[in-house]
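**Q** Here it is: the structure, laid out below.
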Number of protein chains: 4
Amino acid sequence: QRRDTPKPSGRVFAPYAIFKGKAALSIEPCLPTFAKIEPGNLRIDRRGSVMMTFMPSIGERKYDWAKKQLFALSATEVGSLISMDSSESSEFFHDPSMKSSNAGQVRKSLSIKPHADGSGYFFSLTVNNSLLKTNDRIVVPVTKAEFAVMKTAFSFALPHIMGWGRLTGQVDTAATQGITLH
Amino acid sequence: QRRDTPKPSGRVFAPYAIFKGKAALSIEPCLPTFAKIEPGNLRIDRRGSVMMTFMPSIGERKYDWAKKQLFALSATEVGSLISMDSSESSEFFHDPSMKSSNAGQVRKSLSIKPHADGSGYFFSLTVNNSLLKTNDRIVVPVTKAEFAVMKTAFSFALPHIMGWGRLTGQVDTAATQGITLH
Amino acid sequence: QRRDTPKPSGRVFAPYAIFKGKAALSIEPCLPTFAKIEPGNLRIDRRGSVMMTFMPSIGERKYDWAKKQLFALSATEVGSLISMDSSESSEFFHDPSMKSSNAGQVRKSLSIKPHADGSGYFFSLTVNNSLLKTNDRIVVPVTKAEFAVMKTAFSFALPHIMGWGRLTGQVDTAATQGITLH
Amino acid sequence: QRRDTPKPSGRVFAPYAIFKGKAALSIEPCLPTFAKIEPGNLRIDRRGSVMMTFMPSIGERKYDWAKKQLFALSATEVGSLISMDSSESSEFFHDPSMKSSNAGQVRKSLSIKPHADGSGYFFSLTVNNSLLKTNDRIVVPVTKAEFAVMKTAFSFALPHIMGWGRLTGQVDTAATQGITLH
């Protein structure tokens, strides 16, 4: 969704990509946006997320970008994922048109299930479109090490998608006047 | 409390808000302030905190800002919260007028208790005012995922409310003279 | 490998070094590089890593830099290491010439094995060169405390070698125009 | 020790202080220093540490700064502390004159021992001076919550005292020329 809006320059693209036989999963944080409020302050406007992009494979090491499906994890869903222990499952449900007249037309669900032997997880994204009468399902197996990368990178990203990364850089101008601070 | 002092510009507002049926809880870090000391250094002045704002509901998805109650977690209380395991309870007591002539007049207590089934916690703020003879209690149920967001965001915020975020950016000017550092 | 390319100025060298009787291990993150893409954005180009340099000892507190052997941990290998619990082993295999005509000529393997008493780990790097008919093996015992330093420092470095450190600093220029942000 | 050297301006002081009945403990990270090397790069010069300052009490809420004792935790000692589980003890030994002609004259040891009931730890600093024939011992009880603050703040500080905080800010000038990066 965010991908389709006009992009300002100065952005940095660094997806964490997991390429497997039948599908790929690419993960990237999306930062929040801020609105100006008086007197010269900022208030968080659109919340950030961790965007997961699933793509089915169409041959050896080739993935079909046109058939990609997106799932944007909210801060609370990220919290859910990073607190999963090795035997737990999670499932998240999204309706991209929630609260609009198209509500219920498309239903997405992301399921995360541990392998029985503890060696990793299955990430399965199901997208059901009642209008087009389609039901897509893309499954990517994720190893324990790849899941550990996610947990650490998501823990790092979480305060930033919440907008708390900005808070730590703000300066009390009265106290620091005349001193150059990092 | 901090909310009532004149605010410098350049601040960023990004509360983490949990809206539930009977009440809402909004959480935001408050950075410390610094005082100038010789020769051109800074010393921490007022310590930072994690400010929790509880608001009772007054209808569907409406919350009564006028009846809000604040509770500012200190660094050590944040440490207590982030080290809680899933079966533990915590309780913190504050007297907003401690060490003044009004000490004991208002007593606040924040209680964090796990649900019996491990699915989350109850955050209960009780404010007892012996002068006004009022006793307010606002309870917000917090899911396991929301608590995980708190733990991660509080761990991120803790060094910053302690003032240690500033330490890491300081530059030994002798050694780095002539080199532009981040 | 990265060591041999021309270096821009402004770099910072701060290896974490473990000196033991028979060998030393020096560890340092290598940041990713970025390529410019339109309109004024950056895309990650070469991924970062955590570079491990093993050196055999040639006398008391002297180590043979000329006989050093390198092993660059990828993000996923870093994830694997930081998620190891105290009784687990790991082994990683690298072929420095993978996908070239020299593939299979040199095989490197890094093995991490816990001591039986839980007091630490053995880090063993084996480099097998089928052309030179050499087989080098350098072993460094790592204490539990040194391993804890690695886990914490690698968790810190991981988002940066993935390129996610850059993401958090990017600014939505539309929203923040006219305000100086950290 | 570091306290006695001439200080450049621009420093920030934000100790984490624990005041108890018989003594106080004040904790602060000390950043490493860097030396310039060709061509315009920096190499870590003096390693950083986490400085612990113990002071005996001389009355209610009064502490004797003149009788303070210092203990500078190295990166590896910090790693040891943050990986302690709730039933473990640690002990660190320092000789401030190590490798000089005064070696062995002063011996310092920091002992960290859990309370039997799991409610916290005793931090005991013993300083034995064989020349002055003195043997000082300062003990500060540390609650579980205060210890959690230390673990989180030390985990934050560790990469910075190692000098890795600087690594993440360095910029590959070739790739980013013409783009302003954070």
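The values are calculated or read from the model by the stated rules, or taken from the named source; none is laboratory data. Because the structure is predicted, anything quoted here is derived from the model rather than measured. Note that each Cβ is placed from the backbone with ideal geometry, even for glycine, and that neighbours are counted across all protein chains shown. These area figures cover heavy atoms from the full protein model, side chains too; ligands, DNA and RNA do not enter into them. Shrake-Rupley method; radii C 1.70, N 1.55, O 1.52, S 1.80 Å.
**Q** Would you tally the net charge around B:LEU81, using a Cβ to Cβ cut-off of less than 12 Å, leaving B:LEU81 out, and scoring K and R as +1, D and E as -1?
**A** -2
**Q** Could you work out the percent of alpha carbon pairs in the protein assembly as shown separated by over 49 Å, rounded to a whole number?
**A** Value for the protein assembly as shown: 17 percent of Cα pairs lie more than 49 Å apart.
**Q** Using θ = phi - 60° and the Karplus curve 6.51 cos²θ - 1.76 cosθ + 1.60, what whole-Hz ³J(HN,Hα) does each residue of the stretch A:50-66 get, with Gly and Pro shown as x?
**A** Coupling constants for the stretch A:50-66: 9, 8, 10, 10, 9, 9, x, 7, 10, x, 5, 6, 10, 10, 8, 4, 5 Hz.
**Q** Sort shortest first the distances from B:ARG137 to its counterpart in every other copy, using label points 7 Å along the Cα-to-beta-carbon line, and give them in nm.
**A** Label-point distances to the other copies, shortest first: 4.8, 4.8, 6.8 nm.
**Q** Kirkwood Rh over Cα pairs of the stretch C:1-154 into Stokes-Einstein at 20 °C, 1.002 mPa s: D in µm²/s?
**A** The calculation lands on 125 µm²/s.
**Q** What's the average, rounded to a whole number, of partner chain beta-carbon atoms within 10 Å of each residue's beta-carbon in B:31-37?
**A** If you average over the peptide's residues, the count of other-chain Cβ atoms is 5.
**Q** Moving to a separate point now. If we count every other residue with Cβ under 11 angstrom of B:SER57's Cβ, Lys/Arg +1 and Asp/Glu -1, where does the sum land?
**A** For residues surrounding B:SER57, the net value is +3.
**Q** Between their Cα atoms, which of C:LYS20/D:LYS144; C:LYS151/D:LYS113; A:LYS113/D:LYS144; D:LYS36/D:LYS108; A:LYS108/A:LYS151 are more than 27 Å away from each other?
**A** Checking Cα-Cα distances, C:LYS20/D:LYS144; A:LYS113/D:LYS144; D:LYS36/D:LYS108 exceed 27 Å.
**Q** Under the convention of a label 7 Å out along Cα→Cβ, give the distances in nm from C:GLU60 to the same position in every other copy, shortest first.
**A** Relative to the other copies, C:GLU60 has label-point distances of 5.8, 5.8, 8.2 nm.
**Q** Which residues' amide hydrogens lie under 5 Å from the amide hydrogen of A:SER97, considering only partners 5 or more residues apart or on another chain, with H built in the peptide plane?
**A** A:GLY104, A:VAL106
**Q** Averaged across D:39-52, how many Cβ atoms of other chains sit within 10 Å of each residue's Cβ atom?
**A** Mean partner shielding for this stretch: 4.
**Q** When the Karplus curve 6.51 cos²θ - 1.76 cosθ + 1.60 is applied with θ = phi - 60°, which whole-Hz ³J(HN,Hα) does each residue of the stretch B:158-166 get, with x for Gly and Pro?
**A** Along the stretch B:158-166, the couplings run 3, x, 6, 6, 6, x, 6, x, 6 Hz.
**Q** For the stretch D:18-99, what is the convex hull volume of its Cα atoms per residue in Å³?
**A** 145 Å³
**Q** Next question, about the same structure. Can you list residues whose amide H is under 5 Å from C:CYS30's amide H, if they're 5+ apart or on another chain and H is modeled 1.01 Å from N?
**A** C:SER49, C:VAL50, C:MET51
**Q** Here's something else I'd like to know. Report the antiparallel proportion of the DSSP beta bridges in the protein assembly as shown as a percent, rounded to a multiple of 5.
**A** Of all bridge pairs located within the protein assembly as shown, approximately 95 percent are antiparallel.
**Q** Keeping the other protein chains in place, figure out the carbon and sulfur percent of the accessible area of chain D, with a 1.4 Å probe.
**A** 52 percent
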